[in-house]
Amino acid sequence: MWPDVAKYLAPADGTVLVSTPYDDKRLLPLGYPPFSPVVYPLDRLLPAVNLGQASAYRPWAPEGCGLEPWRFGWFLVFFDWVLIACGWILTTLLVGSLTGLMRRVDSDD
């Protein structure tokens with residue numbers, strides 16, 4: 001069973017984050033993109049594609065999450081950085097292999 005990951009991501013828009021409906025019941029305003037646990041990691045992993053989730057949400061560890069919020073918050077930020085780094089590395093390797101810059105060099109020894 002998937003954990004409720006949406007509670008560990010907060011809206012990136014500060015006005016939404018401090019609004020009374022979001023603060024009381026975690027209700028997002030009309031027109032704000034809903035969180036998608038499948039699209040968010042893809043948005044972080046694919047550097048050339050903007051799926052809108054990374055700009056709408058950011059990692060957040062709330063009080064009472066069952067873990068030490070500052071440690072879990074840093075884990076979420078670190079995991080976000082790892083996704084971004086892996087995305088750039090994989091994209092570089094893909095572009096290099098498609099353009100022929102990376103090829104096997106046979107030694108004639």
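Of all residues in region 13-31, those that are exposed (fewer than 12 other Cβ atoms within 10 Å of the Cβ) have Cβ atoms under 7 Å from Cβ atoms of residues that are at pLDDT 75 or above and not acidic (Asp, Glu), 6 or more apart or on another chain, in PRO21/LEU27. For region 86-109, residues that are assigned to a helix (DSSP H, G or I), surrounded by 10 or more Cβ atoms within 10 Å (Cβ to Cβ) and of a type in the set (A, V, I, L, M, F, W, C) total 7.
Would you be able to tell me the number of residues in region 11-29 that are hydrophobic (A, V, I, L, M, F, W, C) and part of a helix (DSSP H, G or I)? Total meeting the criteria: 2. Taking into account only those residues within region 47-73 that are surrounded by 14 or more Cβ atoms within 10 Å (Cβ to Cβ) and of a type in the set (Phe, Trp, Tyr), which is modelled with the lowest pLDDT? The selected residue is PHE72.
The values are calculated or read from the model by the stated rules, or taken from the named source; none is laboratory data. Note that this is a predicted model, so its numbers are computed, not measured. Cβ atoms come from the backbone with ideal geometry, glycine included; neighbour counts cover every protein chain shown.
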